[in-house]
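These notes concern the structure reproduced below.
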Amino acid sequence: MDLIGIFIIALGVAMDAFAVSLGVGTNGAANNRRSVIRLAFHFGLFQGMMTLFGWLAGSTVARWISQFDHWIALGLLTFVGINMIRSGLNQESESYKTNPTRGSLMVVLSVATSVDALAVGISLALIKTPIITAAIIISLVTFGLSLIGLQAGSRLGKKFGKRMEILGGSILIGIGFRILLSHLIQ
């Protein structure tokens, strides 16, 4: 596969991380340069590593993983999305009890947004694509789109306040269902 093809795949895989970044940005949790870069870095790292793991797993493990990966992504994204919606409806609460740019919540979001990258890695192994180049491109594209999502979400959150948290939470839940449907329809 050529670099343009890998870049297009990277854009598609990174859209979940972009949408989650947009949602996180709306509530103001990523309120400084360090937290923005930390979350974007982890989203990019997880996307690249999951692509690599998928490539290494090959087709044998793919059947086992594909039976439940979409359910895990749905559960994680729905949980985070519901918390954001509840926060948006309650003017005094916060979306996250912990900072989504640190610790376990950051890892949960990183895993939830990179499940598709595992399947992409398996596909890349089947068509014998050089994985290091693909994983690096996927990581960098995800990092860049996550930075854009966090910045755009922050601006929207400042302008529209709590309503953006409701939208962000709804987007996360929608992404979870899109992942589920894409796996069930195949």
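The values are calculated or read from the model by the stated rules, or taken from the named source; none is laboratory data. Note that the structure is predicted; figures quoted are calculated from it, not measured. Using ideal geometry, Cβ is built from the backbone for each residue, glycine included, and neighbour counts are taken over all protein chains shown.
Quick notes on this one:
- Some residue of region 142-158 being under 18 Å from Gly5 (Cα atoms) and either at pLDDT below 75 or over 14 Å from the mean Cα position of the chain (by Cα) (or both): no
- Set side by side, the residues Ile127, Ile137 differ, and just one is modelled with pLDDT of 85 or more and farther than 11 Å from Leu22 by Cβ, which is Ile137.
- Which listed residue is under 18 Å from Phe177 (Cα atoms) and either in contact with an Asp or Glu (Cβ under 8 Å, 6 or more places away or on another chain) or at pLDDT below 80 (or both), from Gly81, Gly58, Gly28: Gly81
- Residues located in region 84-116, provided they are of a type in the set (Lys, Arg) and at pLDDT 75 or above: Arg86, Arg102
- Applying a threshold of 6 Å to beta carbon distances and a minimum spacing of six or more residues, or different chains, the list of pairs starting in region 1-27 at a residue that is within 12 Å of Leu147 (Cα to Cα) and ending at one that is among the aromatic types (Phe, Trp, Tyr) and surrounded by 22 or more Cβ atoms within 10 Å (Cβ to Cβ) reads Ala17/Phe43.
- The residue pairs whose first member lies in region 157-186 and is more than 18 Å from Ala30 (Cβ to Cβ), whose second member is among the hydroxyl-bearing types (Ser, Thr, Tyr) and at pLDDT below 75, and whose beta carbons are closer than 8 Å, counting only pairs six or more residues apart or on different chains, are His183/Ser66.
- Residue count, region 1-54 (criterion: under 16 Å from Ala152 (Cβ atoms) and acidic (Asp, Glu)): 1
- Single unsatisfied condition, Gly28 versus (1) part of a helix (DSSP H, G or I); (2) surrounded by fewer than 24 Cβ atoms within 10 Å (Cβ to Cβ): (1)
- Among the residues of region 115-143, the one identified as without any contact (Cβ under 8 Å) to a residue 24 or more places away in the chain and among the charged types (D, E, K, R) is Lys128.
- Contacts under 8 angstrom Cβ, first residue in region 101-114 being touching a residue at least 12 places away in the same chain (Cβ under 8 Å) and over 13 Å from Gly44 (Cβ atoms), partner among the small types (Gly, Ala, Ser) and outside any helix (DSSP H, G or I), 6 or more apart: Thr101/Ala29; Thr101/Ala30
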